[in-house]
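Everything below concerns the one structure shown next.
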Amino acid sequence: MVRLSKCSVDKNELNAISGVLKNEFFGTGPLTKQFEDDLSKYFNNDNYSLVCTNTGTSAIQLAIQACHFPPKSEILVPSLTYVASFQAITAAGHKPIACDINENDGLLSISDAKNRITSKTKAVMLVHYNGHVGNLDEYYTFAKENNLKVVEDAAHAFGSRYKKKLIGSIGEIACFSFDGIKNITCGEGGMVISSDRKLIESISDYRLLGVQGDSKKRAQKKRSWDFDVQEQGWRYHMSDIMAAIGIEQLKKFEVSFKKRRKELNKYYRHKLEKNKNIMLFDTDLDNVVPHIFPIRLESDRKIILMKKLKENGIQSGLHYKPNHLLSFFKTKYNLPVSETVYPQLITLPFHVDLKRKEIDLICKIISHIT
Ligand SMILES: Cc1ncc(COP(=O)(O)O)c(C=O)c1O
């Protein structure tokens, strides 16, 4: 079986987890704090602070909550994203406004988003699809001109850079995911990083049921017993079991995972570049750490390809069904580019343990049907 995606762990993660089990302290504590400190070192910008959560979805929800927009504000978001981006917006009490994408890179179309601004629009969510961020300056200029906050859904973009700077160490607010298949994993997990220290302090409370200052206490294995709560909070903290995995994954990221992801992406591209029936989204491998490997091909052939891959024990996926086509987020308007791209999309296996000979086989199957 060639898996579509998977994590990659070894004895380091196993030892780290067994250390937590032996200590019999599973909650959020010193290891979560250590992981946060390690991440701060990685992002290496003193003007930014960060906080870890239990998922990427909760990271986005809490980041939006901390912006204190009026209830039911509108947030522009590309339709081509995981439903997590949309659900996080509604969970925070706001309305996702599905926007179309650019056909060349799958990212938010500014020209479409512009037309969807109303007096209720308070923010734009950029989704760094496949680690690619596009022209970030242009997105921030668009936001500034329209007085919108920017929330980056950087779930796919751990390690990606813009103008040589790490995503998360520039911009306003970036949210990452450390779920089981992300560029680094904690099993499940997430993080918000921002240049707004107060926003991160608020999220540190929200993730622990709004208990003021509890994050600091728990980092020292203490608890707040006599506390105040001033806002809605949630049980969205990271546990030390998750953090223990993340600490080990982060150590491997620059030296191993990042290189491997870029290398495999280049290899796939090299094998597919002469195939005129396959379309690939733009990327910039000098800066991007690719997270998935989506391709586009004519929809009838795509269905045949999925079948052939399956017959050969190769998994495939789809990133993503546009959210404005889901019942809960259905729009009264069409998004022509998203709707054109969606039936053509198929995601091929991509993870750091993928072998070149597996890519060879996948590309051979593709060449037979295209
Ligand atoms: C684009 C995008 N946003 C948000 C998320 C949510 O992250 P998590 O699964 O950690 O909740 C994901 C996860 O797959 C994602 O791909």
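A short reminder: the numbers here are calculations on the coordinates, not readings from a lab. Just so it is clear, the structure is predicted and the values come from calculations on it, not from any experiment. Neighbour counts run over all protein chains shown; Cβ positions are idealised from the backbone, glycine included.
Details
- Looking at I89, I64, just one residue is assigned to a helix (DSSP H, G or I), in contact with a Pro (Cβ under 6 Å, 6 or more places away or on another chain), buried (at least 16 other Cβ atoms within 10 Å of the Cβ) and in contact (Cβ under 8 Å) with a residue 24 or more places away in the chain, and that residue is I89.
- Region 259-282 - residue that is surrounded by fewer than 19 Cβ atoms within 10 Å (Cβ to Cβ), of a type outside the set (A, V, I, L, M, F, W, C) and under 23 Å from the mean Cα position of the chain (by Cα) and, of those, nearest to A157 (Cα to Cα): K262
- Every condition in (1) surrounded by fewer than 24 Cβ atoms within 10 Å (Cβ to Cβ); (2) away from the ligand (no atom under 16 Å from the Cβ); (3) in a helix (DSSP H, G or I) is met by N47 except one, and the failing one is (3).
- Residue tally, condition assigned to a helix (DSSP H, G or I) and surrounded by fewer than 16 Cβ atoms within 10 Å (Cβ to Cβ), over region 316-343: 6
- Enumeration of residues in region 152-202 that are within 16 Å of the ligand (Cβ to nearest atom), under 13 Å from Y236 (Cβ atoms) and out of contact with any Phe, Trp or Tyr (no Cβ under 9 Å at 6 or more places or on another chain): C175
- A Cβ distance below 6 Å, combined with a sequence gap of six or more or placement on separate chains, defines the contacts here; from region 186-205, residues that are over 19 Å from R218 (Cα atoms) reach residues that are part of a helix (DSSP H, G or I) and more than 15 Å from the ligand (Cβ to nearest atom) in the pairs S194/I200; L199/A66.
- Residues in region 9-44 that are of a type in the set (S, T, N, Q), out of contact with any helix residue (DSSP H, G or I) (no Cβ under 7 Å at 6 or more places or on another chain) and assigned to a loop (DSSP other than H, G, I, E, B): N44 alone.
- Within region 137-156, the set of residues being hydrophobic (A, V, I, L, M, F, W, C), within 15 Å of I193 (Cβ to Cβ) and in contact with a Leu (Cβ under 9 Å, 6 or more places away or on another chain) comprises V150, V151, A154.
- Unique residue being β-branched (V, I, T) and buried (at least 21 other Cβ atoms within 10 Å of the Cβ) when the list is V288, V229, V255: V288
- So E188, is it charged (D, E, K, R), closer than 30 Å to S18 by Cβ, buried (at least 16 other Cβ atoms within 10 Å of the Cβ) and within 18 Å of the chain's Cα centre (by Cα): yes
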